[in-house]
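Structure first, commentary second.
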Amino acid sequence: MAIESRAPNLLRGGWRGNPPLRALAYVVLPWTALLLPAPWSMVGVAVAYLVTALVAARDRQSHRGVWALLAALTVCDVSPFTVDGSVVRFYQLAAPLVLALVVVWRRELLRGITSLSRPGLSLLLLVVFVTVLTGLSIVWTISVRQTLISTVGQVAVCGLLLVYAGAVRSGVVSGREVLTAVWSAATLGSAVACAQFLVTVATPLRWAVAGGSGIPWPRPTGLMTESVWAALVAAMALGLSFAVRRTHPRLAATSWVVNGAVVLLVLSRAVILGMIVAAAVAAILGWRRRVTWIPALATVVVAATAFAGFSLLAPGVVQRFDPRLLIGVRHGTDGGSASSRVAVFDLARDEIPRHLPWGAGAGSSNQLTTDPQVRERYLNGGELNSGRGSTNFYLGYVFDFGYLGALVAIALTVTIGVLVLRAARVDHGLSAYLAVLFLVDFQFNNGFRFGFVHVLLAALVAQACQHGATSTRVAAPGSRSTGKPVDVAHRD
């Protein structure tokens, strides 16, 4: 699988002759309103995006660049705005611009969605159902405010899934462009994370997160709000960089180094476990005919040797990976992370039976895990893993929606698995790597509501329904079309 990326020179052609430059302006210029004092800054951004959307709607030549930039922004979790602890992400601020593109390309998007395969349509319908169920749960929720916030976030990611699935399938933007944009932004985030670490270690400034979870060095966050999410994004970028290794070997090699460094600096157990399992699954599905026993055995030996050497150099850090920590047999090398997760499981075990059969409502877990009385009861006043998805993907759906949530979670897993198997024919296991990485990680840190997850799912949905088919790129009015089919699948 190769991802094409032709980086245009933004200084050539001027404003009128440079669609990428105009696309960049449409996405970024509204942020200048952030210079205004609060609360006018958020109002300014909203107004600026409304005006920009009206202008951009008439400029179809720049829309492919806008699609790619908005996909890249889904990897950025840093924002100056928060609502009750929830980050208002940049792609959510750009909602007027997204809606303008949807209106302009509504026919193409609808045609793309309706031409998806049955598994692809099933996944879209499942996410739409989850979105509707999230809103309806306000009827039985234990926290209306938390459910409203969850509903807004779920509507945003559901919209991303629908829009990008239709756009990639119809050829409005290619899957290669979307994946390249996500990879580029993720690698940029990892570069920022490395800078955070170096500045914090070498200067008096404290730019990175200091320690935590048994890690003796400062843990960086990059463009995310938490170090564990930075590691997940870096692990995702490692897979995507493998896809660009032939078209951009130097950039891919740099990306491996930068993203690999972030994974090691954060040392998230969930991410590392997810990478190991995901790489094994991807190798079996996509590379089983190309990998022989000798390189496979050599890889295992090198990894085991590196782990043994690291154990001698930093035994305290390696002890974090002792499974006995998770069951409470050992203490002192975890920093409280495993204890917090176990406490959340205990909380869910006690609370779920009280709220069956419908669950406690979307986002209600955040209401409970931030309650001082609950924290005192389950962790002696310590910090519980809070969030509106709980600490586990399946547990979160059961907690929010009861028995129906369990069925939905299983259906999502099965449907994505079917799509991954179909896509493996053309992407050599990349989709399998990403899907398994997320699935494993979300058993410890449930981030299914992230925007970049749904953008990648959209690319998977569009790709899996083709495996050998081609799609004609939609030409903007005034442009010359070659009439040749454009492959929107991600091929090697």
- prompt: Once the Cβ-Cβ distance between residue 99 and residue 299 is put in as r, and R0 is 56 Å, what FRET efficiency do you end up with, to the nearest 0.05?
  reply: 0.75
statement: Looks like the range 208-265, by Cα gyration tensor root eigenvalues a ≥ b ≥ c and the a/c under 1.5 rounded cutoff (else prolate when a/b is bigger than b/c, oblate otherwise), is prolate
- prompt: Of the heavy-atom accessible surface of the range 248-289 (probe 1.4 angstrom), what whole percent is carbon and sulfur?
  reply: 76
task: Kindly identify the range 386-448 as rounded, prolate or oblate by the Cα gyration tensor criterion: order the square roots of the eigenvalues as a ≥ b ≥ c, call it rounded if a/c is under 1.5, otherwise compare a/b with b/c, prolate if a/b is larger, else oblate.
output: oblate
- request: For residue 125 and residue 195, compute 0.36 nm times the residue count separating them, minus their Cα-Cα distance, and round to one decimal in nm.
  value: 21.0 nm
Stretch gain in nm, segment residue 41-residue 403, where the contour uses 0.36 nm per residue and the Cα spacing is subtracted: 126.1 nm
task: Could you please state how large a percent of the accessible area of the range 20-90 is carbon and sulfur, counting protein chains only and using a 1.4 Å probe?
output: 73
- prompt: Cα centroids of the range 103-122 and the range 129-156: how far apart, whole angstrom?
  reply: 25
message: What FRET efficiency comes out for residue 280 versus residue 217 if R0 is 41 angstrom and r is the Cβ-Cβ distance? Round to the nearest 0.05.
response: 0.90
field: For the range 136-147, 3J(HN,Hα) per residue [Karplus equation, 6.51 cos²θ - 1.76 cosθ + 1.60, θ = phi - 60°, Hz, x = Gly/Pro]
entry: 5, 5, 4, 5, 10, 5, 8, 8, 4, 4, 5, 5
statement: Full extension between residue 29 and residue 202 adds, at 0.36 nm per residue less the Cα distance, a length in nm of 58.9 nm
message: Suppose each label sits 7 Å from its Cα in the direction of the beta carbon; what would the residue 246-residue 139 distance come out to in nanometres?
response: 5.3
task: Decide, for the range 110-251, between rounded, prolate and oblate: order the square roots of the alpha carbon gyration tensor eigenvalues as a ≥ b ≥ c, take rounded if a/c falls under 1.5, and otherwise choose prolate if a/b is larger than b/c, else oblate.
output: oblate
query: Taking amide hydrogens as modeled 1.01 Å from N in the peptide plane, which residues meet the under 5 Å criterion relative to residue 209, leaving out close sequence neighbours?
result: 219, 221
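The values are calculated or read from the model by the stated rules, or taken from the named source; none is laboratory data. The shown structure was predicted, so the numbers you read here are calculated from the model rather than taken from an experiment. No Cβ is skipped: glycine too gets one built from the backbone with ideal geometry, and neighbour counts run over all protein chains shown. Calculation scope for accessible area: heavy atoms of the full protein, side chains included, ligands and nucleic acids excluded. Shrake-Rupley method; radii C 1.70, N 1.55, O 1.52, S 1.80 Å.
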